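Quick note: the coordinates plus some simple rules give every number you see, no bench work behind them. Model, not experiment: these values are computed from the prediction. All Cβ positions, even for glycine, are placed from backbone atoms using ideal geometry, and neighbour counts span all protein chains on display.
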Amino acid sequence: MPNDMFLDNLTHTLKERGFGKNNTLVATSLCCDEVNRELEKGLKKTFGDNFSMGGLAGFAFGGVTSFCAMAHHIPTNGNCLVIFGPHVGVDADGVVGKVNRRGRAHSGACCGSAAAAASYVSSVRKGVSKVSDNPTDPLDAQQTYVGNMLLPYGTRLALAIDPAVELPISLYDAQKALIDKIVSKGCGEVGGDGKIALLGGIQINTPPGTPDYFLPMSFELLDNKGNKLANMIGTLRMNRSNEDLYALIALGMFAATLFYVM
Ligand SMILES: [Zn+2]
């Protein structure tokens, strides 16, 4: 859905759970690429400046240390929203994996880090390249990790009907596994009765002048012991101007399910 609608649904859902501007700190883990700042600007309007945990391709390279630091910045008795995910461009010709950028004649790779990682994974699978050792030098450490964290998804990418579409989905799964470990280890640093809203999805970047989109993939409410209190993903997939229509569709789907069961 367009970012505006997504942010509207997100704000509405969080407000119902007691997350407001004055008691919520937003932490993002989104790729370094400048096309991803648009979503942060939208979040900033509601919740103020965000803490940044992310690095290349959107992986939370800030790790446990960044989560714990962020937790110590939450307003007293407040909550945090952690939003993470990869991104993928769609250019003016509808090509997935590319985007038109300001001042450039032709569209280019988006996400570039993801494309480089996919190329590395393919090369390893063909036996052309060896698996890179985990880096001991910071020179290009993040990209090496992105490539290696994508490696387990090589078969999915190779078998995909459209690898450009599969790439952000595989990256989302890899990032979800990482952020779950980080939150599990650091959640105790959220003070008082503070809650963690953990939201993952895929950003879809579009050419200048058109709205970006966000595809929510998971949205969980956790306490500071790591217990899952609620699954809120359904609230983000609703067009609030069509709530009645969605209720009818949901009812129809339920009736159809009953029909097949019977
Ligand atoms: Zn990127």
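Just a few scattered comments:
- Within the range 71-88, the set of residues being within 16 Å of the ligand (Cβ to nearest atom) and among the β-branched types (Val, Ile, Thr) comprises 83, 88.
- Selection of the range 144-155 for residues being without any contact (Cβ under 8 Å) to a residue 40 or more places away in the chain and either surrounded by 13 or more Cβ atoms within 10 Å (Cβ to Cβ) or not in a helix (DSSP H, G or I) (or both) yields 144, 147, 148, 150, 151, 152, 153, 154.
- Restricting the range 120-136 to residues that are outside any loop (DSSP other than H, G, I, E, B) and among the aliphatic types (A, V, I, L, M) leaves a set whose member that is nearest to residue 150 (Cα to Cα) is 121.
- In this entry, residue 59 is excluded by the filter for residues that are more than 16 Å from the ligand (Cβ to nearest atom) and among the aromatic types (Phe, Trp, Tyr).
- Boolean, residue 17 is within 16 Å of the ligand (Cβ to nearest atom) and either farther than 21 Å from residue 204 by Cβ or surrounded by fewer than 18 Cβ atoms within 10 Å (Cβ to Cβ) (or both): no
- Unique match (being among the small types (Gly, Ala, Ser), surrounded by fewer than 16 Cβ atoms within 10 Å (Cβ to Cβ), more than 14 Å from the chain's Cα centre (by Cα) and not in a helix (DSSP H, G or I)) among 158, 141, 230: 230
- Within the range 108-128, being in contact (Cβ under 8 Å) with a residue 60 or more places away in the chain and either out of contact with any Pro (no Cβ under 8 Å at 6 or more places or on another chain) or away from the ligand (no atom under 11 Å from the Cβ) (or both) holds for 110, 112, 113, 117.
- Residue in the range 49-66 that is more than 18 Å from residue 179 (Cβ to Cβ) and without any contact (Cβ under 8 Å) to a residue 24 or more places away in the chain present: yes
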